[in-house]
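What follows is a set of notes on a single structure, which appears directly below.
Read the figures in this text as sums done on the coordinates, not as results from a lab. In this text the structure is predicted, and so the values were computed from the model without any measurement. FYI the Cβ positions are ideal-geometry reconstructions off the backbone, even for glycines, and counts take in every protein chain you see.
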Amino acid sequence: MIPSLPALHATHVGFWLAERGEEGVAIRAVGRGEAVARIADTPTILLNAPMVAARLGLPEVSGLDLLELFAFVHPARFAVPTPAGLARALNLRVPAEGEEAPFLLDAADTLLATVARADWPQREGAYATLQALARLRWPWAQLLSRSIRRPERPERWLFSRLPEWEDKPARPPARPVVLSETETLDHLETLVGTGAEPRPGQRTYAAAAARAFDPRIAEGRPHLLLAEAGTGIGKTLGYLAPASLWSSDAGGPVWVSTYTKALQRQLDRESARAYPDPAARREKVVVRKGRENYLCLLNLEDALQGGFQNRAAVLAQLVARWAAYTRDGDMVGGDLPGWLPTLFRRAGSTALTDRRGECIYAGCPHYRRCFIERSVRASAGADIVVANHALVMLLAARGRNEGRALARIVFDEGHHLFDAADSTFAVALTGQETIELRRWITGPESRARGRRRGLAARLSDVASYDEEGGLAIEAALAAAQGLPADGWLGRLGEGLPLGPVESLLAEVRATVFARADAQDAGYGLEIAAIELPGALVEAAGQAATALDALARPLAVLGRRLEHVLEDAPDWLDGPARARVEGALAGLAWRGQLIAAWIALLARLGGPADPDFVDWLAVDRVEGREWDMGLHRRWLDPTRPLAEAVLKPAHGVIVTSATLRGGSDGWVHAEARSGANHLDVPTRRVTVESPFDYASAAEVLIVTDIRRGDTPALAAAYARLIEAAGGGTLGLFTAIQRLKAVHARIADRLARAGLPLYAQHVDPIDTGTLVDLFRDDPRASLLGTDALRDGVDVPGHSLRLVVMEGVPWPRPTVLHGARRAVGGGTAYDDRVVRARLAQAFGRLIRSAGDKGRFVLLSAATPSRLLDAFPRGVPVRRVTLDAAVAAVAAAEAPVAGAATPIFHP
């Protein structure tokens, strides 16, 4: 049992203090002032200190956070960060309402008792980490030191504990295989399992999907299937059945690409049906993400050796604990609890990933244990590679070995393919982008991290061996001085730019502020790159010259590296070759980036390119500038998608529950998938959802809430959430309105025993917010676009979706250009229908779900209502009527059982 330390449980509605005494545990409600004083004066046990601080109205609080203790004791294990969630993770009784504060004491006892057990599975490395945490004065260190003693034998820890990956021979080409319908459906039946409810729609879907794996008839003519499968069809197993069967028979990989991390996790789970043996599954199914998702061991070593200070150093130690036990090193959506980095707020975890492209590959002492390299090699031999749209497109566009493996692709969440291509094939010549290029060439400006990762450091052996290569490195370093350096934003604000690129950015800033609408003050500003002033055009020419001067030595260096690889010297062993190959790959795509920047600058002041949309922007957050520059997007980004990804493939499935955007016909799906740019007949299949939407759901359009009336909007949300008893997903098109509504209703709902969470308000990541929402049927969640189709909450926890209004597209320069060629109002309508269909799709996720979709917009055009499933009743009602309808629907449920409130 822990010493007599108090525990504080904080909610929107109040604060409760639990203290142990001679007669047991005393619980009492305390006011805000006393709660603040107790935390300041006495070490106090808390659960999620940033959330407690938010409830107390403080910037931060310090105490003994149970989540930090949980992360130390059980690394690589998740727990919903609530008393109920922690109780389930620790196999304790879920506390009833009013028992949460004393439960925190019990949870602390349980965690401290765990480390005292001889069979604690995560003991290895705990002593070394605890000593480091004690030096950092971590609040839990003293209590843990009573049970964690110095091990009798030196123990393996972290870098020595992680296994090394091994190189394997290249995979032979896939064999031509034609899957029969019978064997496909038999395999589907095996995956679904005996006794499962028959799903005719799933069988239709699987049979159609199998044809995408047929041998290709001609180069550049892939088998393409567009498949819309309503919710409840079971499309995941519908395509995994032929995919796993084909991979087994043909010996080739299938890449399954998603847009959200939630679906990646779901696919990882579902794949167990195809590969039930865990050991075989680890080899056959690999989740593959971009480098920025994985822990960089060299960055972690820097952090542990003094690169991080104070609270950031505590985070580094806890991440090190996790790194020793993680399955794959994925820090974003993997087995690192999403709430762990948020506990440290300003000490975020991004510095621990490879976000700057500064990897030194085989020059790294941890290269053989690198999580990123292990993932790359594992995916090379896997049958099913679960990736995301952006990574698949990048690998295909860059070609090389992995690009060639993308012969069979399933794009799940295919309605996002257009948006993913739009981002992937975009060009942005901005301050942040150019300073990252400078750092990649010269290394970080600051030497505080104790090492540099510029080209000279990464390729020192090449420079000493190859004179021309060494001269090219020196020339590149000199030319890189023309790129923005640290402090560039401050210099532009003072009107003192350094170098040609900073001078260009200064002209961009001045032009944007001169032409942008005054009503946009405080937020991001943008203008079309048309009829630009002479000073900007002149600055663009000078910047293009500087970029060309940089591109030339980089191209020479690339050729010299190729020569070194072809005529290998004695020192070019395996690790050195890998390092040179990594540098060569980085030079190739950065050369393409610089070429795209120069092409963008060359068009300024001249006639517009009909294939692209160019604009100037100053990016700001709440009035604070953080980036600026020039942007270019494809008018139709599915053109490069088709060329780089679809045409080289042999078979592609594009699938989604809302592929047609809620509208009749396939025009929308074909235009946004790239099918229009292929000279092949496109197969299409539509499988209707088995759910009875007509009886399970209803759409209510509220007619008496005036647009722009924030008090009325907030009151509507509060009344609807109260009527539903929670279980509400509130969707907004603007962060500002979300914050305004949350501020007005959070306390009111808390007094009614209805917890409210919100994106951009609560200091916690979006994935954990969804977990909190799912965990408590009386909780509600407010969010923006990320929640419109990234939430899968079946059951009673989500029974009401409320949208603040019709989700019209934001009137940007890019949207205006696409609208002009896409049919004007008709283009807007297609976008809105797709968004409404996606939002409605959050409501009914399983056969037993029931709920209502409320749209707070009197001006909703009737032509948009076909976004909703056929048969769903749609009524235009007053707010009073909507509240009554929601309350009437919830009355039987509310009476069936006493709700449990877990703040």
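Express in nm, to one decimal, how much length is gained between Glu181 and Asp214 on full extension, taking 0.36 nm for each residue of separation and deducting their alpha carbon distance. Write out the running numbers ahead of the final one.
Values: separation 33, 0.36 × 33 = 11.88 nm, distance 1.19 nm.
Separation in residues times 0.36 nm, less the Cα-Cα distance, equals 10.7 nm.
Lys/Arg Cβ at +1, Asp/Glu Cβ at -1, dipole of the chain taken about the Cα centre: which of Tyr127, Thr878, Gly251 is farthest positive-ward?
The residue sitting farthest along the positive end of the dipole is Tyr127.
Cα-Cα pairs above 22 Å in the range 562-646: how many percent?
On the way: 1952 of 3570 pairs.
I get 55 percent for the Cα pairs in the range 562-646 exceeding 22 Å.
Could you work out how far apart the two model spin labels at Glu531 and Ala884 are, taking each label as a point 7 Å from the Cα in the direction of the beta carbon, and quote it in nm?
5.6
Grab the beta carbon distance between Asn310 and Lys739, set R0 = 45 Å, and tell me the FRET efficiency rounded to 0.05. Don't skip to the answer; put the middle values down first.
On the way: r = 29 Å, r/R0 = 0.65.
So the FRET efficiency works out to roughly 0.95.
Given the C-alpha atoms of the chain, compute the convex hull and give its volume per residue in Å³.
Values: hull volume 165.4 nm³, N = 903.
Each residue corresponds to 183 Å³ of Cα convex hull volume.
Set the bar at 32 Å for Cα to Cα. Now go through Lys284/Lys850; Lys168/Lys289; Lys289/Lys850; Lys647/Lys850 and name every pair that lies beyond it.
Correct reply: Lys284/Lys850; Lys289/Lys850; Lys647/Lys850.
Within 10 Å, count the other beta carbons around each residue, average over each peptide in 408-417, 229-238, and list them highest first. Intermediate results must be reported in sequence, preceding the final value.
Working: 408-417: 25.8, 229-238: 24.1.
The peptides rank, most packed first, as 408-417, 229-238.
Relative contact order for the chain: what percent, with Cα pairs under 8 Å and sequence separation of 6 or more? Write down the numbers at each step before the final one.
On the way: 1601 pairs, mean separation 129.7, N = 903.
In percent, rounded to a whole number, it is 14.
Share of antiparallel DSSP beta bridges in the chain, in percent to the nearest 5? Don't skip to the answer; put the middle values down first.
Details: 32 of 84 bridges.
Beta bridges within the chain, antiparallel portion: roughly 40 percent.
Pop the C-beta distance of Ala390 and Asn91 into the FRET formula with R0 = 30 Å and round what comes out to the nearest 0.05. Could you put the intermediate results ahead of the total?
Working: r = 39 Å, r/R0 = 1.30.
Computed FRET efficiency for Ala390 and Asn91 comes out at 0.15.
Cβ neighbours within 10 Å, averaged per peptide: list 374-382, 429-437, 89-97, 190-198 in order, most packed at the top.
Values: 374-382: 18.9, 429-437: 20.9, 89-97: 14.3, 190-198: 11.6.
Descending packing order for the listed peptides: 429-437, 374-382, 89-97, 190-198.
Which whole-number percentage describes the relative contact order of the range 693-896, with Cα contacts under 8 Å and a sequence gap of 6 or more?
Numbers: 355 pairs, mean separation 73.7, N = 204.
Reported as a whole number, the value is 36 percent.
Taking the Cα of Trp808, stepping 7 Å toward and past its beta carbon, and measuring to each backbone N in the range 723-753: which are under 18 Å?
732-738
Based only on Cα atoms, what mean projected area does the convex hull of the range 223-344 have, in nm²? Spell out each step's value before the answer.
Working: hull surface 39.5 nm².
It is 9.9 nm².
Roughly how big is the chain's charge dipole about its Cα centre, with Cβ charges of +1 (Lys, Arg) and -1 (Asp, Glu), in debye to the nearest 20?
Details: 106 positive and 106 negative charges, 150 e Å.
That gives the chain a dipole magnitude of about 720 debye.
For Arg377 and Ala599 in one chain, what is 0.36 nm times their gap in residues minus the Cα-Cα distance, to one decimal in nm?
Working: separation 222, 0.36 × 222 = 79.92 nm, distance 3.55 nm.
So the chain would gain 76.4 nm between Arg377 and Ala599.
How high is the FRET efficiency from His760 to Asp567, r the C-beta distance, R0 45 Å, rounded to 0.05?
Working: r = 56 Å, r/R0 = 1.24.
Using R0 = 45 Å, I get an efficiency of 0.20.
For the range 88-115, list residues with backbone N below 14 Å from a point placed 7 Å from the Cα of Arg146 toward its Cβ?
In the range 88-115, the label zone of Arg146 (backbone N under 14 Å from the point 7 Å along Cα→Cβ) covers 106, 108-115.
Between Ala170 and Ser846, how many nm apart are label points set 7 Å from Cα along the C-beta direction?
Those two pseudo-labels are separated by 4.8 nm.
What full-extension length gain, to one decimal in nm, is calculated for Thr190 and Asp461 as 0.36 nm per residue of separation minus the Cα-Cα distance? Please list the in-between numbers first.
Working: separation 271, 0.36 × 271 = 97.56 nm, distance 5.57 nm.
Once the chain is fully extended between Thr190 and Asp461, it gains 92.0 nm.
How do 721-728, 99-106 rank on mean C-beta neighbours within 10 Å, highest first?
Details: 721-728: 24.4, 99-106: 22.8.
Result, highest mean first: 721-728, 99-106.
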